[in-house]
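Written out below as structure tokens is the structure these notes cover.
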Amino acid sequence: MAFDGITIAAIVNELKDALTGGRIYKIAQPENDELLLTIKTAGGGQKRLLISASASLPLLYLTEGNKPSPMTAPGFCMLLRKHLQNGRITHISQPGLERIVHLHIEHLNEMGDLCRKRLVVELMGKHSNIIFIDENDNIIDSIKHISGLISSVREVLPGRTYFIPQTQEKEDPLSTDFSSFQKALTKGHTPVYKGIYSSYIGISPVMAQEICCRAKVDGDTSTAFFAEAPNGGEALSSLYGAFSDMMVQVRECHFNPVIIYEKDAPVEFAPFPLTLYDSVSQKSYASISCLLEQYYAQKSTVTRIRQKSADLRRIVQTALERNIKKYDLQLRQMQDTEKKDKYRIYGELLNTYGYEALPGAKSLEALNYYTNETITIPLDPLLSPSENAKKYFDKYGKLKRTYEALSSLTTQVKEEIDHLESIQAALDIALLEEDLVQIKEELISSGYIRRKGGSKKVKFTSKPFHYLSSDGFHIYVGKNNYQNDELTFKFASGGDWWFHAKGIPGSHVIVKADGAKLPDRTFEEAAKLAAYYSKGRGQDKVEIDYTEKKNVKKPNGSKPGFVVYYTNYSMMIDSDISQLKTYTSQ
């Protein structure tokens, strides 16, 4: 969800409680468009405020983390240090529901006089900025300079007067009444939810859909419905009621931040629970800052790893497509060899009954002594029966040799496809850059990537996933084929339990039994992990094979991660691991 005015209202409410009265202790500019303020609070603690004016990801929240700063501070950072170092935050405000936050700061100048300044944070997508202004609204400086050549609406340059640009005719939702709401929602022919967010400041499309959902009005219905339908007035009243209730929540600061998860991935966040997503998981957070840090950390981790693994994914996908095409061609050729036994029988029958064929005959009917059925054998009229028999035996021999060669080749290619799909599955669950190192090494060892710099030994730092079952048993999940082999054949002992999704690529899951009998719940939780860390993730039911580790063998010369087993149990399970906890050593 974008940083809309309602989300910013929740942030401002939190910042007021945490930072009002605090003194700015440190000012850093870790990125070109980012500030990190360290503030000693009135209560004696210390807080860090991250402000980002990134065009792609503008942010504002309290954080526990720190970031390294450049050796030489940028000019804007030096200016803020000169004016605001040890300045006191007197107030934090938001004009209406604009995506703007004002940090009101008072400080002593070189002469010891009390001065008041404002740090204005505009969180407006590509127009985001951090602007430093004096008490007369004159711009002292900004983290981004916007000249008249860039924007015809407003210049953001030192010496210019600061103002909020009115680029759209939108109303303040906090001060609207039914009359103006009715007017806004009955003009034109546009979807209702679009009519809401395009008429009011600070309301995002998601919040507009939420208002419709609360009012039980289809957001995609045309606004013309309110004027034309018999029950249009009633629906409009219901919609205004939901709209007003939400604005009361905002005015009275009744926030309960949540992240919405679909298939264990964060897909949305909001300053309060959304009825729009009642059917999926919503996790509550104590503060909006905690939520934003967690949400964007997860999002950025996934994005960063996707970018880092793009080259590996392309190599695997290209090799996989090539092998699948080769395999399909080989299977079609194998189907052609199914005729080989027919040609052998034709040859044998011609050697037995060929004397019955008339000279120049184009066929011969003979009894197939294998099936006791009469069959018709096509003949070349220019050849004798013995020559026709030799022709069929030659065809049989050629197809037999082709079949024998293809049987070996198709097995090899199928193993290669399975291997590449297992690498693809490992790329899907990689979370850290070190997870990619082992996968890359496996691709190098398999000949898909050429090693650079000779036979340089690679150091592996990636570790398997480690969970603790509800009954206290340690469960380990391999992130890639190398880790799967390590877990199964070096880490696990014979009495430990081994789990794997049946017939699809996935991780090896080991439950350390330590001689104890596993309860049913632990079996189920381990099976859920095997389902989640496989290509079956997200399916309602995944079939999982499980057995004691002593029953799992690795054939000589087989590819990493490949095993065989002939004694096992199976169960059908879902891939929901939301109740499982990762293990953290004390």
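If you put +1 on each Lys and Arg Cβ and -1 on each Asp and Glu Cβ, how big is the dipole of the chain around its Cα centre, in Debye rounded to 20?
Roughly 2220 debye, rounded to the nearest 20.
Note the listed values [x] 15, 32, 30, 14, 7, 2, 0; [y] 22, 58, 20, 1; [z] 16, 33, 33, 17, 1, then indicate which one is P(r) over Cα pairs in 20 Å bins from 0, in percent calculated from this particular structure.
It is the one labelled [x].
Towards the positive end of the charge dipole of the chain, with charges on Cβ (+1 Lys, Arg; -1 Asp, Glu), say which of PRO464, THR275, TYR482 has the farthest Cα.
So the residue furthest toward the plus end is TYR482.
How high is the relative contact order of the chain? Use alpha-carbon pairs under 8 Å, at least six apart in sequence, and give a whole percent.
Values: 1005 pairs, mean separation 43.6, N = 586.
Computed value for the chain: 7 percent relative contact order.
Counting only C-alpha contacts under 8 Å and six or more residues apart, can you give the relative contact order of the stretch 173-305 as a whole percent?
On the way: 161 pairs, mean separation 25.1, N = 133.
Rounded, it is 19 percent for the stretch 173-305.
Got a sec? Charge dipole of the chain, +1 on Cβ for Lys and Arg, -1 for Asp and Glu; which of GLY447, ALA430, LEU119 is way out at the positive end?
GLY447
Mind pulling the angle between the C-alpha long axis of helix 520-532 and the longest principal axis of the chain? Nearest 10 degrees, somewhere in 0 to 90.
90
Under 5 Å between amide hydrogens, which residues at least 5 positions from TYR162 or on another chain qualify, with H placed 1.01 Å from N in the peptide plane?
Here ASN138, ILE139 satisfy the definition.
Non-local amide H neighbours of TYR61 (under 5 Å, H modeled in plane, Pro and chain starts lacking H): which ones?
LEU50
Taking the Cα centre of the stretch 345-485 as the origin, how large is its charge dipole in debye, to the nearest 20, when only Lys and Arg (+1) and Asp and Glu (-1) carry charge on their Cβ atoms? Numbers along the way, then the final one.
Working: 17 positive and 20 negative charges, 166 e Å.
Charge dipole, the stretch 345-485, about its Cα centre: 800 debye, nearest 20.
Per residue of the stretch 25-39, what does 6.51 cos²θ - 1.76 cosθ + 1.60 with θ = phi - 60° give for ³J(HN,Hα)? Whole Hz please, x for Gly and Pro, Karplus curve as stated.
For the stretch 25-39, the Karplus curve yields 8, 9, 10, 10, 10, x, 10, 4, 10, 9, 10, 10, 9, 9, 10 Hz.
Counting other C-beta atoms within 10 Å, and keeping those with at most 13, which DSSP coil chymotrypsin sites (Phe, Trp or Tyr not before Pro) do you find in the stretch 352-445?
On the way: sites: TYR353, TYR355, TYR369, TYR370, TYR392, PHE393, TYR396, TYR403; in loops: TYR369, TYR370.
Sparse-neighbourhood loop chymotrypsin sites (Phe, Trp or Tyr not before Pro): TYR369, TYR370.
Go through the stretch 132-207 and name the chymotrypsin sites (Phe, Trp or Tyr not before Pro) that are in a DSSP coil and have 16 or fewer other Cβ atoms within 10 Å of their Cβ. It would help to have the intermediate numbers written out before the result.
Values: sites: PHE132, TYR162, PHE163, PHE178, PHE181, TYR193, TYR197, TYR200; in loops: TYR162, PHE163.
The qualifying sites are PHE163.
Residue farthest toward the positive end of the dipole of the stretch 5-142, with Cβ of Lys/Arg at +1 and Asp/Glu at -1: which of GLY96, ALA10, THR20?
THR20
Relative to the first principal axis of the alpha-carbon coordinates of the chain, what is the inclination of helix 433-445, with its axis defined by its Cα atoms, in degrees from 0 to 90 and to the nearest 10?
So the inclination is approximately 20 degrees.
Quote the charge dipole size of the stretch 128-254 about the Cα centre in Debye, to the nearest 20; the model charges only the Cβ of Lys and Arg (+1) and of Asp and Glu (-1). Walk me through the intermediate numbers first.
Working: 10 positive and 16 negative charges, 57 e Å.
For this selection, approximately 280 debye.
If you line up the long axis of helix 385-429 against the longest principal axis of the chain, both from Cα atoms, how many degrees apart are they, to the nearest 10?
Approximately 20 degrees, to the nearest ten.
Run through every distinct alpha carbon pair of the stretch 379-470 and return the Kirkwood hydrodynamic radius in angstroms, one decimal place.
Working: mean 1/r = 0.0548 Å⁻¹.
Final number for the Kirkwood radius of the stretch 379-470 is 18.2 Å.
Quick note: the coordinates plus some simple rules give every number you see, no bench work behind them. Values in this document were obtained by computation on a predicted structure and should not be read as measured data. Positions of Cβ are backbone-derived with ideal geometry, glycine not excepted, and every protein chain shown enters the neighbour counts.
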